Amino acid sequence: MKKNVILNIASIICLFFCAVAIISLFVTTLALIHWHFNPNFYADFLLVNDGPHPTNFLGYERKETWTTAETLEIKQFALNNISHIPLYLIYLQSTAIHLIVFFIMKEFLTIIKSVRLVQSFRTNNITSFRKIGKYLFLYFLLTSYYIVIATQGEFYGFYLHLTPLVLMLIAFIMAEIFKEGNIILEENQLTV
């Protein structure tokens, strides 16, 4: 099945997302290092917008700011006004999200490779689908909150994104389907 166009396109898309995840991780790390040397460079990079925040219907947000007449012009949630520890936590959260996307795409590439070799219903694919389900649950947990603590404000957002949960369920269902396919494949090999 090496000439299957759909598998080729899926492989290219997975490789693209792997590359984007790695490049994003690299750029985020460089930005964090650069922030330590020149935080004022990031005065226009807002972590929380001033206007209404688009959320899903199952979200809660709370934003508090305190300003004086002298600090009225300062953007409270600009990257140069964020405290060190919350910024490190945001960095760790985004790093984990990038790594999860990379690992999910890597598992998809493993599944695509086995399908190309006409070994679809092997136990490796069952394990891969289960890993994808677990990664999607971690992704759901990591994207369900957003906390920013600045020198003159705080922002707390908690969200319930249903898409990762639905995809997680689909991954676990696919694992069970492939498990049944593996059982049938082994029975067919024994009868022949």
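The values are calculated or read from the model by the stated rules, or taken from the named source; none is laboratory data. Remember, predicted model here, so these are calculated numbers, not experimental data. Because the Cβ atoms are built from the backbone with ideal geometry, glycine has one as well, and the counts that use them run over all protein chains shown.
Which members of segment 155-164 meet the condition of being over 13 Å from the mean Cα position of the chain (by Cα) and within 30 Å of Asn125 (Cα to Cα)?
Across segment 155-164, the qualifying residues are Leu160, Leu162.
For segment 105-154, which positions are closer than 30 Å to Lys75 by Cβ, of a type in the set (A, V, I, L, M) and over 23 Å from the mean Cα position of the chain (by Cα)?
Let us first name the residues in segment 105-154 that are closer than 30 Å to Lys75 by Cβ, namely 139, 141-154.
Keeping just the survivors that are of a type in the set (A, V, I, L, M) gives 141-142, 147-150.
Passing the criteria: only Ala150.
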Any hit, segment 168-178, residues being in contact with a Leu (Cβ under 8 Å, 6 or more places away or on another chain) and modelled with pLDDT of 85 or more: yes
Considering residues of segment 128-145 that are among the small types (Gly, Ala, Ser) and in a helix (DSSP H, G or I) only, the residue surrounded by the fewest Cβ atoms within 10 Å (Cβ to Cβ): Gly133
Count of segment 75-92 residues which are in a helix (DSSP H, G or I) and either in contact with a Lys or Arg (Cβ under 8 Å, 6 or more places away or on another chain) or surrounded by fewer than 16 Cβ atoms within 10 Å (Cβ to Cβ) (or both): 7
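For segment 149-162, give me each residue that is β-branched (Val, Ile, Thr) and either part of a loop (DSSP other than H, G, I, E, B) or at pLDDT 95 or above (or both).
Thr151
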Residue, surrounded by the fewest Cβ atoms within 10 Å (Cβ to Cβ), within segment 108-127, restricted to residues that are at pLDDT below 90 and of a type in the set (Ser, Thr, Tyr): Thr123
Ala175 among the small types (Gly, Ala, Ser) and within 19 Å of the chain's Cα centre (by Cα): no
Residue in segment 62-82 that is at pLDDT 80 or above and under 30 Å from Leu167 (Cβ atoms) present: no
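The rows are residues; the columns are (1) of a type outside the set (Gly, Ala, Ser); (2) surrounded by 13 or more Cβ atoms within 10 Å (Cβ to Cβ); (3) in a strand (DSSP E or B).
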{"position": "Ile147", "(1), (2), (3)": "yes, yes, yes"}
{"position": "Pro164", "(1), (2), (3)": "yes, yes, no"}
{"position": "Ala171", "(1), (2), (3)": "no, yes, no"}
{"position": "Phe178", "(1), (2), (3)": "yes, yes, no"}
{"position": "Gln189", "(1), (2), (3)": "yes, no, no"}
